[in-house]
1. Is it true that residue 65 is on the phi < 0 side of the Ramachandran plot and crowded, with 17+ Cβ neighbours inside 10 Å?
2. In the set 57, 68, 92, 123, which member is modelled with pLDDT of 90 or more and more than 14 Å from the chain's Cα centre (by Cα)?
């Protein structure tokens, strides 16, 4: 069974195609603009940002673990984990927005490292 997750799915798919010697075709003249939840009201935008920050780093660790092993992924992400932790502690006193962003990045990455499934993020995000 092939498992693709929310982020890194296109990277994962292209990697699999390259490994199996299939062609990957890139259209470099196509431009797509994604506004990342730009039409949401402020509360929904905050929830969307929390979801994105949590799941992006959860997915990043998951992707690298899947293809290169746990230790390699841990080594690659350890400095980010420390940086996010220190940032969210320090930023608590200076910038609530940056604090929240780093908090969700830290807990997403930490959850992936310790094996917490991504579906748990909906419970964490609702507790802001």
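The values are calculated or read from the model by the stated rules, or taken from the named source; none is laboratory data. Please read all numbers here as calculations on a predicted model, not as lab measurements. Here the Cβ positions follow ideal geometry from the backbone for every residue, glycine too, while neighbour counts run over all protein chains shown.
1. When the stated conditions are applied, residue 65 passes them.
2. Testing whether each residue is modelled with pLDDT of 90 or more and more than 14 Å from the chain's Cα centre (by Cα) leaves just 68.
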